[in-house]
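The values are calculated or read from the model by the stated rules, or taken from the named source; none is laboratory data. The structure displayed is predicted, hence computed values, not measured ones. Glycine also receives a Cβ, built like all others from the backbone with ideal geometry; neighbour counts cover every protein chain displayed.
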Amino acid sequence: MGSFDLDNFEDLYSGDFSNYSYSTGLPSVLSDSAPCRPESLDSNNYVVVIIYVLVFLLSLLGNSLVMLVVLYSRSTCSVTDVYLLNLAMADLLFALTLPIWAASKVNGWTFGTPLCKVVSFLKEVNFYSGILLLACISVDRYLAIVHATRTLTQKRHLVKFVCLNMWLLSLILSLPILVFRKAFFPPNFSPVCYEDLGNGTAKWRLVLRILPQTFGFVLPLFVMLFCYGFTLHTLFKAHMGQKHRAMRVIFAVVLVFLLCWLPYNLVLVADTLMRTHVIQETCERRSDIDRALDATEILGFLHSCLNPVIYAFIGQKFRHGLLKIMATHGLISKEFLPKEGRPSFIGSSSGNTSTTL
C-alpha cells in the first residue's frame, strides 16, 4: 500500500476521477476552499463498464482478424500493411487492459501498484504508437506519391526498422508513467491509480501532461497535415483517381483517430490552462471539465475497435483475405470468393506504391 502524505493532501487532490494517465483520479480541491465533492455517478459508471466490455470484445475480435489476414498474406503485403499490422497489435494490447479499467470504475483501484503500472503503461504505449505509426504512414504515402520514391517499398527491412523504432520511442515516452504510477488509498475515498512525484506532484504532472500532448499528438498531427496536404494536392493535380481511391482507407483511419482523440486532447488543454491559473478554477468548472474528461476518454477508448470496422467496409483486400482464409478452412464455399484479381488491402493497387489494408 502506498503511503499517503497529508501535507501534500491539497496537491494530490488536484485531479479527477477519470483514472487516466494524465490525471490523479482524486477529487479536486481549490486553494482557498474545501474539496470539491464529486456528484454520485454510480449509474453512469455501470454504463461505462458496459461500453468498456463491448469495446474489449469488438477490439479483441476485430484486431485479431486484421493480424490474421495480414500475416496470412505476408508474402504480398505492402509497406502500409506492415504499419497497420503494428497498429492492430497496439490496439489489441490496449484492449486487454479494458476489463481492468472497467472494474476500477465500479470499485476504485483495488489491483495494487504492479498492475497499476502495467495497465497504465500499456495505455500510454497504445496512445503514442497509434499516432506515431499513422504519422509514418503519412510520410510513406507522401514519399511514394509526391516524390515517387520506392526506397521503403523495395526494402521492407527498413519498414520493420522504422516500426521497431516507433515502438521504442513509444516505450521511452511512456516510461514516466511506468516509474511514477502507484496505487493509493486516500481516506474517505476509493483507491486510485495515479502518479506519485513527491513534493512537486502538481508541477511534474503538468510536465507529464505536456509531454504526450506535444510529442505524442501535436507534432505527429502536424506531420500528417503536412504530408497529406501535399499528397492530396498531388493526387488532384495529376488526376490520379486510382491512387486517390487507394487512399480512402488511410484517410478514414486518420479521420477516425482524430475524431476519437482530438476532443480528449482539447479538454486536456482546457484543464491544463485551469491548473496553471490561466483561467480561473472553480468547483463548477472543475466538475464540468471532469465530466468532459470522462466522456472524451470513453471516445478515445472506443478507437481501439474502430479500425477493423473501417477495413471491413472500405478495404477490399481485407474482405478478400478473410473470405479466402474461411474458404481454405472450409468455413464457406469458394463461390463466395471475388472473381477479380487480388485487390489491394485498403482499396486500389498502384504498383509498388500501393497501400493495402
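Could you identify the single residue in T153, T149 that is touching a strand residue (DSSP E or B) at 6+ places or on another chain (Cβ under 6 Å), at pLDDT below 80 and β-branched (V, I, T)? Walk me through how you get there before you give the answer.
On the way: T149 fails: touching a strand residue (DSSP E or B) at 6+ places or on another chain (Cβ under 6 Å).
The conditions single out T153.
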| request: Output the qualifying pairs, or none if there are none: Cβ atoms under 8 angstrom, residues six or more apart or on different chains, first residue in the range 94-115 and farther than 27 Å from L61 by Cβ, second residue modelled with pLDDT under 90 and of a type in the set (D, E). | output: none
| message | Condition check: modelled with pLDDT under 60 and either over 20 Å from Y128 (Cα atoms) or part of a helix (DSSP H, G or I) (or both). Does G25 satisfy that? | response | yes
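Which one of these is at pLDDT below 85, more than 22 Å from G62 (Cβ to Cβ) and crowded, with 19+ Cβ neighbours inside 10 Å: A135, A144? I'd like the intermediate steps shown before the answer.
Numbers: A135 fails: at pLDDT below 85.
Unique residue meeting the criteria: A144.
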| said: Checking the conditions here, which among P343, P308 is of a type outside the set (V, I, T), modelled with pLDDT of 70 or more, within 30 Å of A148 (Cα to Cα) and crowded, with 17+ Cβ neighbours inside 10 Å? | reply: P308
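Restricting the search to the range 105-144, which residues are assigned to a helix (DSSP H, G or I) and among the β-branched types (V, I, T)?
Start the filter on the range 105-144 by keeping residues that are assigned to a helix (DSSP H, G or I), which leaves 105-107, 112-144.
Selection gives V106, T113, V118, V119, V125, I131, I137, V139.
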| field | Residue that is at pLDDT 85 or above and farther than 26 Å from G108 by Cβ, where the choices are V249, V218, V269 | value | V218
